[in-house]
Amino acid sequence: MRTPIFPILIISVLSSFGDLYSQDAGKGKPVETDGEVHSDLKSLDKEYYEYYFKTLPNTDIIEKEKLEYNLIRSLKFELRKIDPEKMSPEELKKVNSSSVRYERVFEDSIWMRGIRKQMGFIRFREYMYVIVYDKYYCFISYEMNPSRYIQTPFQVQLIFKRDSNYNTTLPQP
């Protein structure tokens, strides 16, 4: 029976490289003193660690900006579509994050259950918001989280705040 020389040669070469690598790796390790692994204050790994955490983006700010962008963009689109004569480009520029109020709503809310009863065509999703600008109230629902992804809404329902329920005037045809 022949002795397999090739596998034996590969194993011996790899083991010699492993010994050399482990000796080199041992030279670069910091010495442990009094339970503290790192005593050198000017090391690059510490500098890298500190720089990494200083440069992490603030995800809360980014998520809030994406949410506001999605909500305001959807509201502006509906305002242009429903009330084009009043919503000129100058007026639409006034619709921004400081001029609107918004809140996430949930389907187990007593008020949303009432809306569902009155407006049977509204389909609830996990991400639903009510946004208010001037006399306009807008219900917007999304399929995915609007604070993570820029997207178009699943459903939008815009209503006007009237001066009086009894004195309504119809727009000219």
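The values are calculated or read from the model by the stated rules, or taken from the named source; none is laboratory data. Since we're looking at a predicted model, the values are computed, not measured. Please note: Cβ atoms are built from the backbone with ideal geometry, for glycine as well, and neighbour counts cover all protein chains shown. The area values use the complete protein model at the heavy-atom level, side chains included, leaving out ligands, DNA and RNA. Shrake-Rupley method; radii C 1.70, N 1.55, O 1.52, S 1.80 Å.
The set of residues in segment 117-159 that are modelled with pLDDT under 90, assigned to a loop (DSSP other than H, G, I, E, B) and in contact with a strand residue (DSSP E or B) (Cβ under 8 Å, 6 or more places away or on another chain) comprises MET119, ILE122, ARG123, PHE124, ARG125, LYS135.
Within segment 113-131, the set of residues being within 21 Å of LYS64 (Cβ to Cβ) and either open to solvent by less than 20 Å² (accessible area, probe 1.4 Å) or of a type in the set (Gly, Ala, Ser) (or both) comprises MET128, TYR129, ILE131. Considering segment 48-62, the residues that are among the polar types (S, T, N, Q) and within 17 Å of the chain's Cα centre (by Cα) include one that is surrounded by the fewest Cβ atoms within 10 Å (Cβ to Cβ), namely ASN58. Cβ separations smaller than 8 Å between residues 6+ apart or across chains give the following pairs from segment 74-95 residues that are free of Cβ contacts under 8 Å to residues at least 24 places away in the same chain to residues that are open to solvent by 60 Å² or more (accessible area, probe 1.4 Å) and in a helix (DSSP H, G or I): MET87/ARG80; LEU92/ARG80.
To keep it simple, each residue is scored yes or no on (1) of a type in the set (A, V, I, L, M); (2) modelled with pLDDT of 85 or more.
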| position | (1), (2) |
| --- | --- |
| SER12 | no, no |
| SER16 | no, no |
| GLN23 | no, no |
| GLY26 | no, no |
| THR55 | no, yes |
| ASP60 | no, yes |
| LYS66 | no, yes |
| LEU71 | yes, yes |
| LYS76 | no, yes |
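For segment 63-87, what are the residues that are open to solvent by less than 40 Å² (accessible area, probe 1.4 Å) and farther than 18 Å from TYR129 by Cβ? Once the filter is applied, which keeps residues that are open to solvent by less than 40 Å² (accessible area, probe 1.4 Å) and farther than 18 Å from TYR129 by Cβ, segment 63-87 yields ASP83, MET87. Going through (1) at pLDDT 90 or above; (2) closer than 15 Å to VAL156 by Cβ one by one, ASP83 falls short only on (1).
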